[in-house]
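Notes follow the structure.
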């Protein structure tokens, strides 16, 4: 059977490709895919405990059986790289929540206006912006890339879960992709609610979960080089090195 394999962030550099096509035997599982490429690229094997696998845009374990035509992605720790132009990916559901990936500048005021209702008494907006240094090393710019189809689904899943857990009216999560300059917003989370406390709590939980669960990667460019930023998966995300 034929499996489509995708590589993101640092793993593109390690394996020298963004995607590949693999012929796998009948009954092969996701672990077979990872083991195949770690044999070709030993550095991959050394990263097994921090790499997460996805099958058809959902997190999966090594033991997950595969079918012909499946898509398997190898995902390095999330944190936020460069990709070709793409349209906006967005989900606007009937409850009024909003989730989007965009290559254009994010307009927080437009998002706030989109979410706000007459009975709301609070809007809390978090903006993550590009700073000019990392541990004292001057940063020139950032590149963000992501696994778009999976990322937008995870953002919607996170937002809807938070909306059910906190006494809020609506929530929005929007992430920027492509090249960002110093001072530009890379991510915006907006929560509206009748009262301020749930709005604050939901916005904080939104950015925290987004950073741990949404497959987005960041490359920092310095005057003397560039590096993929090492992030950290949520503890419950299945690793390539464990069953």
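Side notes on the structure shown:
- Residues located in the range 104-132, provided they are under 23 Å from the mean Cα position of the chain (by Cα), surrounded by 16 or more Cβ atoms within 10 Å (Cβ to Cβ) and assigned to a loop (DSSP other than H, G, I, E, B): 106, 130
- Those residues of the range 4-31 which are part of a loop (DSSP other than H, G, I, E, B), over 19 Å from the mean Cα position of the chain (by Cα) and either on the phi < 0 side of the Ramachandran plot or crowded, with 19+ Cβ neighbours inside 10 Å (or both), in sequence order: 17, 24, 25, 26, 28
- Condition check for residue 159 on (1) more than 12 Å from the chain's Cα centre (by Cα); (2) more than 20 Å from residue 101 (Cα to Cα): one failure, at (2).
- Residue in the range 133-142 that is over 30 Å from residue 38 (Cα atoms) and assigned to a helix (DSSP H, G or I) present: no
Here, each number is a calculation from the coordinates, and none is a lab measurement. None of these values were measured; they are calculated from a predicted model. We place every Cβ from the backbone using ideal geometry, glycine too, and count neighbours over all the protein chains shown.
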